[in-house]
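Note sheet for the following structure.
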Amino acid sequence: MSVSSAWVVETARLRMTPVGYRDLPDLTQLKADPRAYALMLGGVRSAVQTAEELAQDIQGWGRHGHGMWAVRARKGMFLGITALMHRPDGRGVALRFAFYPQVRGVGLAREAASAALIYAHGTARLDRVIAVAREDNFASRQVLNSIGMSHLSEFSRAGNLFHIYQSVKRKSRDVNSA
């Protein structure tokens with residue numbers, strides 16, 4: 001499968017490319033790091049789990065035109081991931097992100113998440129995107145608020161409280177109908 005240039009997203013500091021097999025070493029390291037991945041749905045992954053998920057992620061891009069991006073600095077250093085993924089619980093397409101702790105605190109997650117949300121409503125034409133963050137994941141909740149996602153509800157699972165956020169695509173007004 002070739003990567004569509006429409007799927008590549010660039011920001012002032014980041015280049016986001018659909019994940020591919022070339023990203024497996026970086027993804028394996030990120031997903032095995034509890035500081036980066038413990039709060040993600042399903043938690044820390046083994047190398048085998050990461051490889052299996054990568055195969056699904058690659059297929060997802062071909063099937064849906066959205067999925068997981070490898071997020072790199074413009075100079076090429078792998079920083080983390082951002083994704084638009086169908087949640088297994090049927091809640092919808094969810095915005096996800098995870099970055100190495102050493103690159104946090106300078107707005108990279110917000111920059112990548114915002115770009116992914118713009119892509120979701122524009123290129124992917126998704127009317128609604130959700131995000132789920134654990135109650136104790138203040139950094140992620142702050143990112144979701146800062147990119148304009150609104151708090152929708154909460155749910156509990158395995159003794160943890162989770163917050164659901166959403167972004168709904170604004171319908172453009174037809175100036176001829178006014």
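The values are calculated or read from the model by the stated rules, or taken from the named source; none is laboratory data. Keep in mind it's a predicted model, so treat the numbers as computed, not measured. Cβ coordinates were reconstructed from backbone atoms using ideal geometry, including for glycine residues, and neighbour counts include every protein chain displayed.
Worth a mention:
- Count of segment 28-51 residues which are farther than 16 Å from Q102 by Cα, in contact with a Lys or Arg (Cβ under 9 Å, 6 or more places away or on another chain) and surrounded by 12 or more Cβ atoms within 10 Å (Cβ to Cβ): 9
- Answer residue from segment 137-160, given it is loosely packed, with under 12 Cβ neighbours inside 10 Å and either closer than 21 Å to Y37 by Cβ or of a type outside the set (S, T, Y) (or both) and is nearest to the chain's Cα centre (by Cα) among those: G148
- Filter result for E53 (among the acidic types (D, E) and closer than 20 Å to R110 by Cβ): no
- Reported count of residues in segment 11-27, each being among the basic types (K, R) and either touching a residue at least 40 places away in the same chain (Cβ under 8 Å) or surrounded by 15 or more Cβ atoms within 10 Å (Cβ to Cβ) (or both), is 2.
Results for (1) assigned to a strand (DSSP E or B); (2) crowded, with 18+ Cβ neighbours inside 10 Å; (3) within 15 Å of the chain's Cα centre (by Cα), shown as yes or no for each residue.
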position	(1), (2), (3)
H66	no, yes, yes
V71	yes, yes, yes
G76	no, no, no
R96	yes, yes, yes
A112	no, yes, yes
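- The sole residue among A12, A51, A83 that is over 24 Å from D136 (Cβ atoms) and outside any loop (DSSP other than H, G, I, E, B) is A51.
- Some residue of segment 125-137 being farther than 27 Å from T17 by Cα, modelled with pLDDT under 95 and not in a strand (DSSP E or B): yes
- Odd one out for S167, checked against (1) at pLDDT 95 or above; (2) out of contact with any strand residue (DSSP E or B) (no Cβ under 7 Å at 6 or more places or on another chain): (2)
- For beta carbons closer than 6 Å, sequence separation of 6+ or different chains, a first residue in segment 64-80 that is free of Cβ contacts under 8 Å to residues at least 60 places away in the same chain and a second that is part of a loop (DSSP other than H, G, I, E, B) and among the β-branched types (V, I, T), the qualifying pairs are M68/V19; A70/V19.
- Close pairs from segment 95-122: first of a type in the set (V, I, T), partner crowded, with 16+ Cβ neighbours inside 10 Å, Cβ under 8 Å, at least 6 apart: V103/L79; V103/G80
- I118 among the β-branched types (V, I, T) and in contact with a Lys or Arg (Cβ under 9 Å, 6 or more places away or on another chain): no
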